[in-house]
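The values are calculated or read from the model by the stated rules, or taken from the named source; none is laboratory data. Remember, it's a predicted structure, so these values are computed and weren't measured experimentally. Note that we place each Cβ from the backbone using ideal geometry, even for glycine, and neighbour counts take in every protein chain shown.
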Amino acid sequence: MPPLTAQSIPSESRLKGRTPRTYSVSTKLTREEFEAVAMASRDCGKAISEWARETMLHQACESADHLPNEALMVELMGMYIFLMNALAPLVCGEALSMEAYRSIIRQVSDAKYRAAKEAVASYRANRQDAPTSSHSPDGRA
């Protein structure tokens, strides 16, 4: 008996209650872009088409009340800068004056966007340099 394939299973049973997908999206990629897409889909354990569909829908459906990852990174870096600058004097046994506190707040406002951009660039550079393996980011195989 031949193995069942998607072509040999009636389409009604493959749909399992979902609406048939009848529209297609196509694009051209450079070799580098394709390799990046392939790596991202592989890292998620998904076929490229499945990963691309989910990624496109996620971007398209992202509502105004959800912050994009870039905004979260900016705020995270703001907290990092604040804590590093506010805790340093405290750890050394010094008091933090109100003027010093206000100065730190101004520094955070001025630096958090640049710091987030640099952190993301560093992450991307380190990710590209990392050897490709079959292990997940959390260390499991």
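Computed values, structure above
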read-out	value
Cross-chain or 6+ apart pairs with Cβ under 9 Å, region 110-129 first and closer than 23 Å to ALA38 by Cβ, then of a type outside the set (Ser, Thr, Tyr) and surrounded by 15 or more Cβ atoms within 10 Å (Cβ to Cβ)	VAL120/MET73
Qualifying position, being within 23 Å of ASP43 (Cβ to Cβ), modelled with pLDDT under 95 and within 24 Å of the chain's Cα centre (by Cα), among SER136, SER109	SER136
Top-ranked residue of region 55-99 - restricted to ones that are charged (D, E, K, R) and under 19 Å from the mean Cα position of the chain (by Cα), ranked as modelled with the lowest pLDDT	ASP65
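So that you can scan it fast, the table gives a plain yes or no per residue for (1) closer than 26 Å to VAL25 by Cβ; (2) surrounded by 11 or more Cβ atoms within 10 Å (Cβ to Cβ):
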{"position": "ARG42", "(1), (2)": "yes, yes"}
{"position": "GLN59", "(1), (2)": "yes, no"}
{"position": "GLU75", "(1), (2)": "no, yes"}
{"position": "GLU99", "(1), (2)": "no, no"}
